[in-house]
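The values are calculated or read from the model by the stated rules, or taken from the named source; none is laboratory data. As the structure is a computational prediction, the values presented were derived from the model and not from experiment. When we count neighbours, we look across all protein chains shown, and the Cβ atoms used for this are built from the backbone with ideal geometry, even at glycine. These accessible areas exclude ligands, DNA and RNA; they are computed on the full protein's heavy atoms, side chains included. Shrake-Rupley method; radii C 1.70, N 1.55, O 1.52, S 1.80 Å.
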Amino acid sequence: MVKKLVYVAVIASLLAACEAKEPAQQPTIDADIVKTAATDFSYVANLPSEKKEHYQTFLNDGDIAVLQTFSPEEMVLIMLDLVHETRIDALYAITYHNSATPTKEKFEQQYMDLRAYDLLETYLMFRYYDQVAINEASTPDRQVVQLEISVSNHNFAKTFALQRQDGIWKILLF
């Protein structure tokens with residue numbers, strides 16, 4: 001766990017150094033770096049106010065039906081916000097479950113064991129993304145959302161598959 005925290009702190013400090021106007025000094029590894037870097041940004045900050053209200057209703061009441069008007073791209077942004085907030089209950093609600101739906105406890109265990117670190121790394125790396133768009137590999141039933149960022153002359157992309165379930169685009173995490 002400490003090794004993972006150190007790795008995340010190093011990534012956050014490197015990303016912060018890229019944004020600095022003056023040459024950055026040698027970064028120090030501190031757990032507060034991750035907290036500071038993450039609180040300066042929100043994936044849902046640019047959503048329209050009506051959708052922010054719907055999202056807040058979902059967080060407060062657990063009413064997923066309020067997310068029916070959200071696009072696949074917006075659902076990916078919500079998912080990344082939930083990763084930062086460690087809202088596993090809400091992540092469970094927006095995750096696509098086929099006929100083999102795991103219990104919330106099993107989902108939490110699988111999430112923490114298999115996906116939490118990768119998604120937190122994605123949250124930090126793509127926090128100032130350049131584009132979020134539907135990928136050409138999408139079909140009407142399954143959308144592929146691509147999050148892109150360019151740093152210097154390097155381009156990075158992360159894709160997420162979504163499936164419509166009960167009128168809501170849900171993320172395929174596993």
Report the GluC sites (Glu not before Pro) located in the range 54-150 that are in a DSSP loop and have at most 10 other Cβ atoms inside 10 Å of their Cβ, or state none.
E136
Residue-ordered couplings for the range 50-58, obtained by feeding phi - 60° into the Karplus form 6.51 cos²θ - 1.76 cosθ + 1.60 and rounding to whole Hz (Gly and Pro as x), are 4, 6, 4, 5, 4, 4, 5, 4, 4
In nm, give the distance between the simple-model label positions of D113 and A133, each being 7 Å from the Cα along the Cα-to-Cβ direction.
3.9 nm
Sorted by chain and then number, the residues having a modelled amide H within less than 5 Å of the amide H of N135, at least 5 places away or on another chain, are V144, V145, Q146
State to the nearest 20 debye the size of the charge dipole of the range 55-114 about its Cα centre, where the only charges are +1 on K and R beta carbons and -1 on D and E beta carbons.
160 debye
Per residue accessible area of the range 129-174, 1.4 Å probe, in Å²:
58 Å²
Hey, what do the phi angles of the range 142-157 turn into as Karplus ³J(HN,Hα) couplings, whole Hz, using 6.51/-1.76/1.60 and θ = phi - 60°, x for Gly and Pro?
9, 9, 10, 9, 10, 9, 10, 9, 10, 10, 6, 9, 10, 10, 10, 9
